[in-house]
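The values are calculated or read from the model by the stated rules, or taken from the named source; none is laboratory data. Quantities reported herein were computed from a predicted structural model and do not represent experimental measurements. Reconstructed Cβ throughout: ideal geometry from the backbone, glycine too, with neighbour counts over all protein chains shown.
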Amino acid sequence: MKYLSKKITTVLTALGLFLSKIVFVHAQIKNPVTGELGADAEEAASGEIFVSYFVTLWNAFITIGAIAVLIMFLWGALEWITAGGEASKIEKARNRIMQSFLGLLILVSSFVIIGFVSQLFFGEEFSILNLTFTQVGGEE
């Protein structure tokens, strides 16, 4: 028992010495992707930070959705080509193509709805999507 007590005392002493040598460092962590979140109180109060994050996130979802639509459409086309005239395989491929078309319709609809809502709430001077349209064949 005395031997066990001596071991525990030694381990606790070593642990105490180790922990006493720890230096606490307080550093500001800056994420290279997001930058300094909430660094500007005026932008945060006006909603500019929220809008910029919303648009960035929305653009990412649109990009991922567009890639998924393209992959699903190509997958359906390849299934149709390799169906060999089998009705069940053709129907499955047709359904996949229709679902990818529906996904494309949803992506375009979200684009239109977001554009309409941003114009409705923020007016002409502030476009949430930052879209610029050039006039084709008009006055110079």
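Scanning region 72-108 for residues that are among the small types (Gly, Ala, Ser) and in contact with a Lys or Arg (Cβ under 8 Å, 6 or more places away or on another chain) yields a total of 2. Considering (1) under 30 Å from PHE121 (Cα atoms); (2) in a loop (DSSP other than H, G, I, E, B); (3) at pLDDT 90 or above, the lone condition that ALA39 does not fulfil carries the number (3).
Taking every residue in region 59-75 that is closer than 16 Å to PHE111 by Cβ and pairing it with any residue that is modelled with pLDDT of 90 or more and small (Gly, Ala, Ser), at least 6 positions away or on another chain, the pairs with Cβ-Cβ distances below 7 Å are GLY65/GLY103; ALA68/GLY103; VAL69/SER100; VAL69/GLY103. If you check ALA60, ALA45, ALA66 for being modelled with pLDDT under 70 and in a helix (DSSP H, G or I), only one passes: ALA45.
Selection within region 85-106: residues that are in contact with a Gly (Cβ under 9 Å, 6 or more places away or on another chain) and closer than 13 Å to GLY65 by Cα. The member of this set that is surrounded by the fewest Cβ atoms within 10 Å (Cβ to Cβ) is ILE106.
Among the residues making up region 107-123, those that are part of a helix (DSSP H, G or I) and out of contact with any helix residue (DSSP H, G or I) (no Cβ under 8 Å at 6 or more places or on another chain) are VAL108, SER109, VAL112, ILE113, GLY115, PHE116, VAL117, SER118, GLN119, LEU120, PHE121, PHE122.
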